[in-house]
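Heads up, the thing below is written out as C-alpha cells.
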Amino acid sequence: MRTATDAPLPFVNGIGPSRQWLPAGPWKTVIEFLRQRYSHVDPQIWDTRMAKGEVVDEAGCQVNSETAYRVGACVFYYRELNDETTIPFAEQIIYQDEHILVADKPHFLPVVPAGKFLRETLLARLRNVGAPANLVPVHRLDRETAGVVLFSLNPRTRGFYTSLFQNRRVTKVYEAIGPTSKELRFPLTRRSRIIQGDPFFRMKETPGETNAITQISIVSNEGPISRYQLLPLTGKKHQLRIHLAALGIPVVNDKFYPIPSPTPDDGDFSRPLKLLAKSISFQDPLTKRQHYFESGRTL
C-alpha cells in the first residue's frame, strides 16, 4: 500500500499530500465523489487544485473534472487550512542517529496533522528543519501535553522501535501538577478500565477488566498543590488525566477532565495543561545501548 512518503506528489513545507481511497458507489466521476465526500469544501477549491495539477491518482496521473471514477483507486491532494493557529512555542531536538530522532515537544503543539492543524505540528516543523520525509512518530502525545516524543527515521528498522512500545519495554515517566490530597496515601497504583466516552474526544472509566494501570507518587508538596510522578504501565488515550481526575486530583488546567470546557479556545496559550512527558528510557533493539532521554521543560 502506498504511503505518504512514496506518494506521487512531493512534500511541501514539511507537509505530504492527503489521500482518499475510492469506495464502491454510484459516482460517475472523481470530482462528483470528492464534492460529496468533502461537502464542506468549496467546489471552486477542487477546481483550483486540479488546474494546478495538485490532484493525482496512484499512478501520478492528473485528475480533472472529467476523470472517470474507478473503485479502489487512490486520489492524492494537498489539504489546505486558511486560518491555522500559530503555536508560539518551539520544539527542540534532543537526539538523532540514522534510525531515530527524539524531540522535546512544547504544550499546545500537535504531533501530527489533524483537524485544525496542518503546518503547526511537530512532524511538519521537524521536516522543515531538515528531518527526512520518512520521519514517523513511534508513539504519540496529546496536543495539550509537553515532553519527549520518539520518531523513526528509517522504514527498514521502524518495526524494531514500534515493538518496544507494543511489548511495554519502554519506561515512560511523566510529571503532573494537581491538587494536594489529604485522603490519599502515596505511592499508589490506579487500575481501571478505560473506554471511549461521550463526546468523542473524551474517554471514561467503566466497570470491567482492567486495561489501564498507572503508578503515582509525590515529588513535592507545595501546600494546596502537589507535583506528582506518573509511571503508566499501559498506554490508553488520556489515561493519566483520567486516573488523576478519578482520584480527585485532576491535572491543573485540564479542559477535558473531570468536566469538559464548553468550547476549548485553540488560541488561548495562557493556561497550559500541567502534564509533562518527562523522560523515556529503553534498550536500543539494534545497538543494545541503553537510552535515556529527558525533557528540558518544567511545569
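The values are calculated or read from the model by the stated rules, or taken from the named source; none is laboratory data. Since we're looking at a predicted model, the values are computed, not measured. Cβ sites come from the backbone with ideal geometry, for glycine too, and all protein chains shown count toward neighbours. All accessible areas refer to the heavy atoms of the entire protein, side chains included, with ligands and DNA or RNA removed. Shrake-Rupley method; radii C 1.70, N 1.55, O 1.52, S 1.80 Å.
Residue-level check: of (1) under 22 Å from the mean Cα position of the chain (by Cα); (2) outside any strand (DSSP E or B); (3) on the phi < 0 side of the Ramachandran plot, residue 281 misses just (2). Sub-8 Å Cβ pairs linking a first residue in the range 280-299 that is closer than 13 Å to residue 150 by Cβ to a second residue that is assigned to a loop (DSSP other than H, G, I, E, B) and of a type outside the set (Lys, Arg), at least 6 apart or interchain, are 280/170; 281/170; 282/170; 291/284, ordered by first then second residue.
Entry remark, the range 226-250: residues being open to solvent by 60 Å² or more (accessible area, probe 1.4 Å) and either in contact with a strand residue (DSSP E or B) (Cβ under 6 Å, 6 or more places away or on another chain) or among the hydrophobic types (A, V, I, L, M, F, W, C) (or both) number 4 in total. Pairing residues of the range 171-198 that are free of Cβ contacts under 8 Å to residues at least 60 places away in the same chain and among the aliphatic types (A, V, I, L, M) with residues that are part of a loop (DSSP other than H, G, I, E, B) and open to solvent by 40 Å² or more (accessible area, probe 1.4 Å), at Cβ distances under 6 Å and at least 6 apart in sequence or on separate chains, gives 194/236.
Only residues that are over 24 Å from residue 14 (Cβ atoms) and touching a residue at least 40 places away in the same chain (Cβ under 8 Å) were counted in the range 64-90, giving 6.
Just to be sure before I move on: is residue 10 under 18 Å from residue 118 (Cα atoms), modelled with pLDDT of 95 or more and open to solvent by 50 Å² or more (accessible area, probe 1.4 Å) in the structure I sent? Explain how you work it out, then say what you get.
Working: under 18 Å from residue 118 (Cα atoms): yes; modelled with pLDDT of 95 or more: no; open to solvent by 50 Å² or more (accessible area, probe 1.4 Å): yes.
Judged against the criteria, residue 10 is not a match.
State all residues of the range 39-63 that are touching a residue at least 24 places away in the same chain (Cβ under 8 Å), in a loop (DSSP other than H, G, I, E, B) and surrounded by 10 or more Cβ atoms within 10 Å (Cβ to Cβ); if no residue qualifies, say none. Residues satisfying the conditions are 54, 58, 60, 63.
I'd like to know if the range 115-122 contains one or more residues that are touching a residue at least 12 places away in the same chain (Cβ under 8 Å), at negative phi and open to solvent by 50 Å² or more (accessible area, probe 1.4 Å). Quick ask: steps written out before the conclusion?
Taking the range 115-122 as the starting set, the residues that turn out to be touching a residue at least 12 places away in the same chain (Cβ under 8 Å) are 116-122.
Now narrow it down to the ones that are at negative phi: 116-122.
Next, only the ones that are open to solvent by 50 Å² or more (accessible area, probe 1.4 Å) stay: 116, 119.
Checked the range 115-122: at least one residue is touching a residue at least 12 places away in the same chain (Cβ under 8 Å), at negative phi and open to solvent by 50 Å² or more (accessible area, probe 1.4 Å).
Here the condition is being of a type in the set (Phe, Trp, Tyr) and under 29 Å from residue 155 (Cα atoms); of 21, 46, it holds for 21 alone. So which residues in the range 251-299 are surrounded by 14 or more Cβ atoms within 10 Å (Cβ to Cβ) and acidic (Asp, Glu), if there are any at all? Within the range 251-299, 254, 266, 284, 294 qualify.
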